[in-house]
Amino acid sequence: MRKWTLIGVLGVLLGASPSHATNESQAAVLALLIEPGAWIGAMGGSFVTLSQDVLCTYYNPAGLAGQRDRQLTFMHTNWLPALVSDMYYEYFGYSQYWKGWGNVGVAFTFFNMGKQVYTTEYGVEQGTFHSYDAALSFSYGTYMSKRLAVGLTLKFIYSHLAEMGAGQERGKGIGSSVAMDLGVLYYTSIPGLKVGAALRNVGPKISYIDVAQADPLPTHITVGASWKVLDTEYNDILVVLDLYKPLVRREGTRLEALFSAWADEEGKEELEQIDVHFGVEYTYSSFLALRAGYSYDKDGELKTPTFGFGLKYNWIQMDYAYFPARNTALEDNQRFSITLRW
């Protein structure tokens, strides 16, 4: 049962068929890879250099530095609209400035994997059950210098696959773990150009029924840059680029995996594990934003353009993203998010 669930979620998240193995297929709680914020999704999922926004609690906690208002964000998406109706993802995030200390944020994510049928090893149906993953995180970001910001996120992870094991297994398919994210953001001397990096989901393996078969978390590193190429009173253009590399291995400790995962495949396969995310945003008078991007995941077989828009008035911002993702499990995926600032 657990293996079936993890393979199914892998296909959902990475757009790959269950028979197509990726580096992330060795990990559990793949819901940690779902990217919150519709406006980020519309730009190809590229924004490790995001700054002064509550979504930094996920992308790069260093970006919280410099924020002076309070922010609250909510995102909802039906994850597989073309296949099932009861699989959805929710994100809640809040951040604010803590005078004299820096910026803090808290976020909660919930991924409902829907209703599934429980059977014996002989295929006899025994009823249904619900599976879901949840995570609660706390973030902190501050400036180390005028140009350099750093951040840290600590998270608690809870994975509820089933109330019982399959066949002769004894126990529940429920596990928990903790993890941390580390981030850095640098404002270069070139006007409008920022570079950043974030190491995410570093933590102990998560076990369900059998501790000896514990699964690693989806640890990965993302590096990127953003450049505001046009910054006028009424017209802005922002270009963003991220490179994502999974750092997952079942063998060895989590610290060993951070290094060994860079050379556990041949040269070509290792390069194919690197995903490229690119996006462009045009903003008119801080009111209307038009966005487009491209997400390129070679080994996960997910190569799709992304589109979206945003509307901002006074203290409220509404964003929408659309993923065509033709011939994948994510086909016609739509995301909606709302951000309040005060």
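The values are calculated or read from the model by the stated rules, or taken from the named source; none is laboratory data. Keep in mind it's a predicted model, so treat the numbers as computed, not measured. Because the Cβ atoms are built from the backbone with ideal geometry, glycine has one as well, and the counts that use them run over all protein chains shown. Accessible surface is based on the protein model in full, side chains and every heavy atom, while ligands, DNA and RNA are left aside. Shrake-Rupley method; radii C 1.70, N 1.55, O 1.52, S 1.80 Å.
Exactly one residue out of Lys194, Lys245, Lys228 is modelled with pLDDT under 95, outside any loop (DSSP other than H, G, I, E, B) and under 28 Å from Gln52 (Cβ atoms): that is Lys245. Scanning region 71-90 for residues that are open to solvent by 50 Å² or more (accessible area, probe 1.4 Å) and outside any strand (DSSP E or B) gives Pro81, Ala82, Leu83, Val84, Ser85, Asp86. What about Leu241, is it farther than 23 Å from Gly102 by Cα, in contact with a His (Cβ under 8 Å, 6 or more places away or on another chain) and open to solvent by 50 Å² or more (accessible area, probe 1.4 Å)? Here the answer is yes, as Leu241 does meet what is asked. Here region 91-127 is the region considered, the condition is being assigned to a loop (DSSP other than H, G, I, E, B) and not basic (Lys, Arg), and the residue that is most open to solvent (accessible area, probe 1.4 Å) is Tyr122. Before we move on, is Leu83 modelled with pLDDT of 90 or more and over 14 Å from the mean Cα position of the chain (by Cα)? Taking the combined requirement at face value, the residue does not satisfy it. The sole residue among Leu185, Leu217 that is crowded, with 19+ Cβ neighbours inside 10 Å, out of contact with any Lys or Arg (no Cβ under 6 Å at 6 or more places or on another chain), more than 28 Å from Ala292 (Cα to Cα) and of a type in the set (A, V, I, L, M, F, W, C) is Leu217. If you go through region 313-333 and pick out every residue that is open to solvent by 80 Å² or more (accessible area, probe 1.4 Å) and assigned to a strand (DSSP E or B), you end up with 2.
Here Arg68 clears all of (1) in contact with an Asp or Glu (Cβ under 9 Å, 6 or more places away or on another chain); (2) surrounded by fewer than 21 Cβ atoms within 10 Å (Cβ to Cβ); (3) modelled with pLDDT of 90 or more except the condition numbered (1). Hey, among Phe287, Phe259, which residue is among the aromatic types (Phe, Trp, Tyr), farther than 19 Å from Pro216 by Cβ and either surrounded by 14 or more Cβ atoms within 10 Å (Cβ to Cβ) or at pLDDT below 95 (or both)? Only one candidate passes the filter, namely Phe287.
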